1. For the range 24-44, which positions are within 15 Å of Y4 (Cβ to Cβ) and out of contact with any helix residue (DSSP H, G or I) (no Cβ under 8 Å at 6 or more places or on another chain)?
2. Considering only the range 94-107, I want to know if a residue exists there that is in contact (Cβ under 8 Å) with a residue 60 or more places away in the chain and either more than 14 Å from the chain's Cα centre (by Cα) or not assigned by TED's automatic domain parsing to the domain that holds K174 (or both).
3. I'd like the residue in the range 11-49 that is small (G, A, S) and under 21 Å from F122 (Cα atoms) and, out of all such residues, is surrounded by the most Cβ atoms within 10 Å (Cβ to Cβ).
4. Taking only the range 26-56 into account, find how many residues are in a loop (DSSP other than H, G, I, E, B), more than 24 Å from P108 (Cβ to Cβ) and out of contact with any Lys or Arg (no Cβ under 7 Å at 6 or more places or on another chain).
5. Tell me, which residue of the range 108-154 that is among the small types (G, A, S) and within 22 Å of R167 (Cα to Cα) is nearest to the chain's Cα centre (by Cα)?
6. Go over the candidates D70, D64, D83, D106 one by one and state the one that is surrounded by fewer than 19 Cβ atoms within 10 Å (Cβ to Cβ), of a type in the set (D, E) and within 26 Å of M1 (Cβ to Cβ).
7. Can you find a residue that is among the hydroxyl-bearing types (S, T, Y), assigned by TED's automatic domain parsing to the domain that holds L25, within 22 Å of L25 (Cβ to Cβ) and assigned to a helix (DSSP H, G or I) anywhere in the range 79-89?
Amino acid sequence: MAKYLEECRRLEFDIVEISSGFITLPFDDWLRLVEQTQKAGLKAKPEVGIQFGACGATSVEELDAQGTRDPASVIKLAKRSIDAGVYMIMIESEGITESVKTWRRDVPAKIASALGLEKVMFEAADPPGFSWYIKNYGSKINLFVDHSQIVQLECLRSGIWGTADTRGRIVSYK
């Protein structure tokens with residue numbers, strides 16, 4: 001791990017995403033990875049989610065057959081990470097709004113209720129996803145989107161782009 005972190009520093013990265021979606025680790029081991037990252041002078045950004053093993057080539061049917069994690073375990077890991085000093089928690093979109101037959105709108109609500117929104121970033125894999133987050137949590141919601149969608153996202157946030165239910169209806173008062 002130290003070699004990897006040193007290489008990240010050499011390449012001038014400042015944030016390391018630590019994903020729980022592809023390997024299973026006990027919570028304490030996970031937190032040791034977070035701690036090592038922070039001791040190396042880098043920001044740890046844990047990525048947690050309810051869908052395990054999702055990747056671009058996995059079908060919705062395969063993921064559906066695997067089932068999802070209990071949102072309570074995701075919240076527990078996120079809380080422990082925040083207590084360990086991480087600056088941000090990333091919430092993976094698979095199992096919530098991506099690679100699903102039906103969106104799990106209850107999961108972001110549970111996460112927001114348990115953690116607040118200050119240290120949470122939701123992945124929004126496509127315009128319908130980020131539009132839903134903005135409609136439900138406001139234009140300031142912290143979203144991770146593909147770089148090709150940044151203009152659409154920022155135009156939606158400012159109220160100058162969107163579908164019939166959002167265009168001109170997203171506002172904020174500074």
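1. Result: R32, L33, E35, Q38, K39.
2. Scanning the range 94-107 turns up at least one residue that is in contact (Cβ under 8 Å) with a residue 60 or more places away in the chain and either more than 14 Å from the chain's Cα centre (by Cα) or not assigned by TED's automatic domain parsing to the domain that holds K174 (or both).
3. Within the range 11-49, the match that is surrounded by the most Cβ atoms within 10 Å (Cβ to Cβ) is A44.
4. Count: 1.
5. The extreme case among them is A124.
6. D83
7. yes
The rows are residues; the columns are (1) at pLDDT below 90; (2) over 21 Å from N142 (Cα atoms).
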site	(1), (2)
F52	yes, yes
T68	no, yes
P71	no, no
K76	no, no
K79	no, no
I82	no, no
V86	no, no
I89	no, no
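The values are calculated or read from the model by the stated rules, or taken from the named source; none is laboratory data. All of these numbers come straight from a predicted model, not from anything done at the bench. Don't worry about glycine lacking a Cβ; one is built from the backbone with ideal geometry, like all the others, and counts go over all protein chains shown.
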